[in-house]
């Protein structure tokens, strides 16, 4: 990197060529006041607070938009500069109301700080202040146009960085204000990035409104409990209660970026159905019990089942939300104290597919995503995934890559946020991503565009070649609905790009992709001679990768999830569930419920009284993520600490401690009694990850639907994530529920007309497994013959309709819809 | 023992000197006040027990800005606010731990509205800590008891008047777009 040397306030500093004075100064610890600068945005030069004196230059220069030159001499605090800043502040304070006593920003307000430092105590001008009504009508975000200083940060971060563009300047002159179009109610994705960048109190968090003043709170850095990004969120704690979350520049992998979940989702730990004491089922009802009583009961019952049916009749389900330590203790307890290998988790329907694909194709046992991988590629191909909603902050890197000039091609059936921010939208029939990839590979092989030397040396190349025989552009076009030319062009452009990336998500709730899609992606990567990390498949939740690596999966002979919960013969007698709610989050609820009812002993260890816990024989209360120490491993493979920042709820104890006590109650000491001891063993186990040699091999992947639409069930139901929620956990957050609180059914206007469905009316969705009632939303984003349903909400029971699939077929659900 | 000391001891000079002083003060006015029967007027600006100012419509003047708590060196003030029904800021709790307070009066000076004050009342000893934990209601009662009416107004003008009250745009200054500040 070219470095430029310049002098700021007599101090010689070095900065990258092309940087601005402000960037060079901030990087070297010299603060220049600014109101409209943000590290993520291009210079704006609107506020004129950052003016500095440059030697040899007439007048003052705006530091945020003046590039540095070799030998430049800059003074940031001179009387002339101070006078200019004072005048700017006088003009800003002409309109800015001095309602600091009731403004939540007071104490961390940039304008307040600057007025304190440079501002005058009286104003030479006078003008009437704005008297606009406060806008509190939208969820989560409040707007106070009177306090706005029109720096434009919110507008720019929303448009340029977040890729939404929900707000803009409205009106002219003194009447200018920030508002959504036509001054309507704000209806955006509610990420809250605008709140963080607002230098004054014009945008605020409604959930934090008048809750506290900043100087009462301690700010704690915590890892967000939701998706696999592993963002650091700064949680403000007052009197032992978390009252707000925000991102902070320079903190965590996300560098201050957060989505709505990270910013508002923390309050699920204050849900009303938190478990406070252990409970044992007595005469059909769950009754409160003491820890000793409950653990003794579990130990005795489990002991007798092991004695009677053998240890293989016991199974366990781990949690992607619990820490690595918790999951490590679960598998240690099951393997050493119980002696069973029947350990699995919900990742079986999600990340396990990605892992299997990576293992088969690359021979790799540990493939975390590269956080900056999207930024290093020139052509990004995203297959049927809305990364911006499954991994919102990582998704921002895709938008950034597009903004930096990379080509972002998104193959998706629905018009998602990523599609809106893409360079090319390949609109295909849902679930046909694997066919598209195969079609691309066929074109690449036929036209000889692949890396012949490398690809032909990889195992199974001929098998791949023959398997692609049927995927001619014409055939693929018929399957995917994408024109032949588009497929050919995509294949040509993709293969000729300088650097490439294939990305897709691996959510358990997504039924448009399967193992085959991921294998096809891996094939494409190997065909063009790219390295395995060209294929980016993130782990779904905050600790999916950590749980997986800690050993919560069958090692040898153990039963996988399908055998445990969906097998017809009831070989499992006891099930231990940690932090999972199969009745809501697993597919085909009826089958799961049936299996759980047949259990002799069902132990549920959770933080809430979930629907599954209500069926349990014993319920053990555990600590939530903010109430215990531990570590999470993000999708990028970073092991990050979580800390106890608030007191535990009721008698709850951390999950790992439950296993320590339970193993002692069963008369077997696991020999680990603290987080530190467990962490030592865990890090020993994790240190072996990703060390094995890669062994590439092609795996032909065919396109097939497990169940296709028929005349009885003519529509295909696609289950998906929505941006504001993550799994079923976030639906217990009051803040996030104020944005979206119920499942809905999105369908195209043509289908709505065909089935006589009115917008926002209820519809019956019927599959061969059952029927549910959902509110219909008619949307242009959705293609015909397809309905989209978010999966997160327990009461909607969407999983009544779905079915599990871990192999290659695409598990789309054929349904019929009727007006209710 | 020297000769001088011996004579002093024999003639009891020291005692006689003392008795002379006693005799002299017997005829002067006593300085000791017979507290609590006899009470002393507080000097103007006295810093006694805390109170929260009640506005003329009997509501609380405090808006819960928290500046008093921010400046308090002994951290004895805690304020809890929330959003009221009409979306305004409501002070739910305003608590002063009087036993922690060192009566510096910074809170009064920091208050931008003159809403928290120190009254002239200082006789509030009690047997329990709870009685000296001042809640919002107790603090408002203090105002009614000790400062309401003329006295409060006088104190406000003389001691509690926030600095912000004196700022403003002078009449003869240029006005933008012919509009005067409201």
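The values are calculated or read from the model by the stated rules, or taken from the named source; none is laboratory data. Treat the numbers as computed from the prediction; the structure is a model and nothing was measured. Methodologically, a virtual Cβ is constructed for each residue, glycine included, from the backbone with ideal geometry; neighbour enumeration extends over all protein chains shown.
Within the bounds of the stretch A:87-99, is there any residue that is buried (at least 20 other Cβ atoms within 10 Å of the Cβ), at pLDDT below 95 and assigned to a loop (DSSP other than H, G, I, E, B)?
Yes, the stretch A:87-99 contains at least one residue that is buried (at least 20 other Cβ atoms within 10 Å of the Cβ), at pLDDT below 95 and assigned to a loop (DSSP other than H, G, I, E, B).
Restricting to the stretch A:586-608, name every residue that is farther than 25 Å from residue A:332 by Cα and touching a residue at least 60 places away in the same chain (Cβ under 8 Å).
A:587, A:588, A:589, A:590
Restricting the search to the stretch A:745-760, which residues are surrounded by fewer than 19 Cβ atoms within 10 Å (Cβ to Cβ) and within 23 Å of residue A:725 (Cβ to Cβ)?
A:759, A:760
Suppose we filter A:201, A:165, A:230 for residues that are closer than 28 Å to residue B:71 by Cβ, in a loop (DSSP other than H, G, I, E, B) and outside the structural domain of residue A:509 (by TED's automatic domain parsing); which single one remains?
A:201
Output the residues belonging to the stretch A:710-721 that are modelled with pLDDT of 90 or more and either closer than 19 Å to residue A:798 by Cα or crowded, with 17+ Cβ neighbours inside 10 Å (or both).
Answer for the stretch A:710-721, where residues must be modelled with pLDDT of 90 or more and either closer than 19 Å to residue A:798 by Cα or crowded, with 17+ Cβ neighbours inside 10 Å (or both): A:713, A:714, A:715, A:716, A:717, A:718, A:719.
From the residues in the stretch A:83-106 that are touching a strand residue (DSSP E or B) at 6+ places or on another chain (Cβ under 9 Å) and more than 14 Å from chain B (Cβ to nearest Cβ), which one is farthest from residue A:236 (Cα to Cα)?
Across the stretch A:83-106, the extreme among qualifying residues is A:84.
Take the stretch A:107-134 and flag every residue that is surrounded by 20 or more Cβ atoms within 10 Å (Cβ to Cβ), within 39 Å of the chain's Cα centre (by Cα) and either within 30 Å of residue A:55 (Cβ to Cβ) or within 9 Å of chain B (Cβ to nearest Cβ) (or both).
A:111, A:114, A:115
Checking residue B:84 against (1) within 19 Å of residue B:159 (Cα to Cα); (2) within 12 Å of another protein chain (Cβ to nearest Cβ), only one condition comes out false. Which one?
All conditions are met except number (1).
Looking for something within 14 Å of chain A (Cβ to nearest Cβ), outside any strand (DSSP E or B) and either more than 22 Å from residue A:237 (Cα to Cα) or in contact (Cβ under 8 Å) with a residue 60 or more places away in the chain (or both) - is there at least one such residue anywhere in the stretch B:34-50?
no
Looking at residue A:324, is it surrounded by fewer than 24 Cβ atoms within 10 Å (Cβ to Cβ) and either modelled with pLDDT of 95 or more or assigned by TED's automatic domain parsing to the domain that holds residue A:577 (or both)?
No, not satisfied.
Could you tell me which of the residues A:356, A:308 is at negative phi, over 24 Å from the mean Cα position of the chain (by Cα) and part of a helix (DSSP H, G or I)?
A:308
As an exercise: evaluate residue A:80 against (1) free of Cβ contacts under 8 Å to residues at least 24 places away in the same chain; (2) in contact with a strand residue (DSSP E or B) (Cβ under 7 Å, 6 or more places away or on another chain); (3) surrounded by fewer than 21 Cβ atoms within 10 Å (Cβ to Cβ) and give the number of the one condition it does not meet.
It fails just one condition, (1).
Can residue A:170 be described as outside the structural domain of residue A:607 (by TED's automatic domain parsing) and in contact with a strand residue (DSSP E or B) (Cβ under 6 Å, 6 or more places away or on another chain)?
Here the answer is yes, as residue A:170 does meet what is asked.
If I go through the stretch A:336-347 residue by residue, how many of them are part of a helix (DSSP H, G or I), surrounded by fewer than 24 Cβ atoms within 10 Å (Cβ to Cβ) and either without any contact (Cβ under 8 Å) to a residue 60 or more places away in the chain or touching a helix residue (DSSP H, G or I) at 6+ places or on another chain (Cβ under 6 Å) (or both)?
Number satisfying all stated conditions: 1.
Given the residues A:774, A:801, which is the only one that is touching a residue at least 60 places away in the same chain (Cβ under 8 Å) and buried (at least 21 other Cβ atoms within 10 Å of the Cβ)?
A:801
What's the number of the only condition in (1) more than 14 Å from chain B (Cβ to nearest Cβ); (2) assigned to a helix (DSSP H, G or I); (3) under 30 Å from residue A:740 (Cα atoms) that residue A:40 fails to meet?
Looking at each condition in turn, residue A:40 falls short on (2).
Check residue A:438 against each of (1) within 25 Å of residue A:813 (Cβ to Cβ); (2) buried (at least 21 other Cβ atoms within 10 Å of the Cβ); (3) touching a strand residue (DSSP E or B) at 6+ places or on another chain (Cβ under 8 Å) and name the one condition it does not meet.
(3)
Please note which helices (runs of 4 or more DSSP H) are completely contained in the stretch A:635-747 and include at least 3 residues that are touching a strand residue (DSSP E or B) at 6+ places or on another chain (Cβ under 8 Å).
In the stretch A:635-747, the matching helices (runs of 4 or more DSSP H) lie at A:655-665, A:675-686.
Quick one: residue A:385 ticks every box in (1) touching a strand residue (DSSP E or B) at 6+ places or on another chain (Cβ under 8 Å); (2) not in a loop (DSSP other than H, G, I, E, B) except a single one, so which number is it?
So the condition that residue A:385 fails would be (2).
May I ask you to list the residues in the stretch B:60-70 that are part of a helix (DSSP H, G or I) and more than 10 Å from chain A (Cβ to nearest Cβ)?
Listed by number, the list holds a single entry, B:68.
For residue A:262, only one of the following conditions fails: (1) more than 14 Å from chain B (Cβ to nearest Cβ); (2) surrounded by fewer than 22 Cβ atoms within 10 Å (Cβ to Cβ); (3) closer than 24 Å to residue A:417 by Cβ; (4) touching a helix residue (DSSP H, G or I) at 6+ places or on another chain (Cβ under 9 Å). What is its number?
Here residue A:262 meets the rest and fails (2).
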